[in-house]
Amino acid sequence: MVEADPPIAKPVSATAENVKAFIAGGFGGVCAVLVGHPFDLTKTRLQTAPTGTYTGAIDVVKKTLARDGVFGVYRGIVPPLFGVTPIFAVSFWAYDASKKLILSFSNNDGPLSTTQLAAAGFLSAVPTTVVTAPVERAKVLLQALSLPQVQGQGLSEQMYKGVTGVLRHMYNEGGVRSIFKGSGATLARDGPGSAAYFAAYEVTKKALTPAGASPSDLNLGSIICAGGVAGVAMWALAIPPDVLKSRIQSAPKDTYSGILDCARKTIAQDGVAALWKGFGPAMARAFPANAATFLGVEASRKFLDKFM
């Protein structure tokens, strides 16, 4: 019997790969928000509330539930939920593009080193910041709604009910510049954070891959583990700039002249420890939210591979 020739693999264009990376990243982002938003809200309120407002993360949750009920822990979810598709889509697309760019300048055709993967992760944060900064600004304002320094801006609570009201306020405050307030701090957080994020994921996947197997064939448990480790690695670096970003984005106009001014005033007022506010909920969120992210990315990528 003559054996049939093996099926010829269908060539995949660069455009198709970019589209898949974009869609998979967006789907992973939705998974991240649904799992991680309550932790994120707790972190933001700890970071932006005046000293003494809360005794810790558990106190934030208790007071949020008492004031707003169960759905209160999902306050401010609309901006990130609608924003995660472009944010994560751009992030994963930019990461893939950055890896190809770095590979084109390397002297070998082998897999990228950990340093090169980290560099690709850092570069991915540059275009992503354009989308992340305004979404984060709206989210922070909605999450910090009940805090005195936000309500002290002369804004009624009704004005903040909904994304439209927040966007209108931001634009009226200072036009497009107000909408992108905190972009520098966002990049300062996401540049190093993304470097650690993607490098940790790739390194962990490689470590969990059995000899002779491919990382692309890892089971769901290994993907969840690698994604969780990636999230922990990112937030271990990102908390101080995240605190500054949250304060800049939630503060009244002209409170800070920039990230360095915010750091100086924060330390002078609350001490160096203030730069680590929200560390507990951020780290509690890091593993499950980012495990969900990469699980969503990998699952949707495999699904798309069947059609593209």
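Values computed for the structure shown
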read-out	value
Theoretical ellipticity at 222 nm over the chain - DSSP helices of four or more residues, -39500 (n - 2.57) apiece, nearest 500	-25000 deg cm²/dmol
Dipole of the chain, positive end: most advanced residue of Ser216, Ser113, Gly193 [Cβ charges, Cα centre]	Gly193
Centroid-to-centroid separation of the range 17-96 and the range 210-245 [C-alpha atoms, Å]	17
Ranking by accessible area, most exposed first, for Thr64, Thr115, Thr204 with a 1.4 Å probe	Thr115, Thr204, Thr64
Student exercise, the chain dipole from Lys, Arg, Asp, Glu Cβ charges, in Debye to nearest 20	880
Cα principal axis extents for the range 9-104, largest first, Å	58, 25, 19
Whole-number percent relative contact order across the chain, with pairs defined as alpha carbons under 8 Å at least 6 apart	27
Sequence-distant residues sharing a close amide H with Ala251 (under 5 Å, placed H)	none
The range 1-121 - percent relative contact order, Cα under 8 Å, separation 6 or more	35
Loop-located trypsin sites (Lys or Arg not before Pro) in the range 232-308 whose Cβ has at most 10 other Cβ within 10 Å (DSSP)	Lys253, Lys306
Per-residue ³J(HN,Hα) for the range 168-180, Karplus 6.51 cos²θ - 1.76 cosθ + 1.60, θ = phi - 60°, Hz, x for Gly and Pro	5, 4, 4, 5, 5, 5, x, x, 4, 4, 5, 4, 9
DSSP-assigned coil residues among chymotrypsin sites (Phe, Trp or Tyr not before Pro) in the range 212-308, each with at most 14 further Cβ atoms within 10 Å	Phe307
Per-residue SASA entry for Thr255, accessible area with 1.4 Å probe, Å² rounded to 10	50
Long-range lysine pairs (8 or more apart or interchain), the range 214-308, Cα under 20 Å	5
Heavy-atom accessible area ranking, 1.4 Å probe, most first, across Glu136, Glu17	Glu17, Glu136
For the range 89-136: accessible area per residue (Å², 1.4 Å)	49
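The values are calculated or read from the model by the stated rules, or taken from the named source; none is laboratory data. Predicted model, so just to flag it, every value in this text is computed and none were measured. Note that we place each Cβ from the backbone using ideal geometry, even for glycine, and neighbour counts take in every protein chain shown. These accessible areas exclude ligands, DNA and RNA; they are computed on the full protein's heavy atoms, side chains included. Shrake-Rupley method; radii C 1.70, N 1.55, O 1.52, S 1.80 Å.
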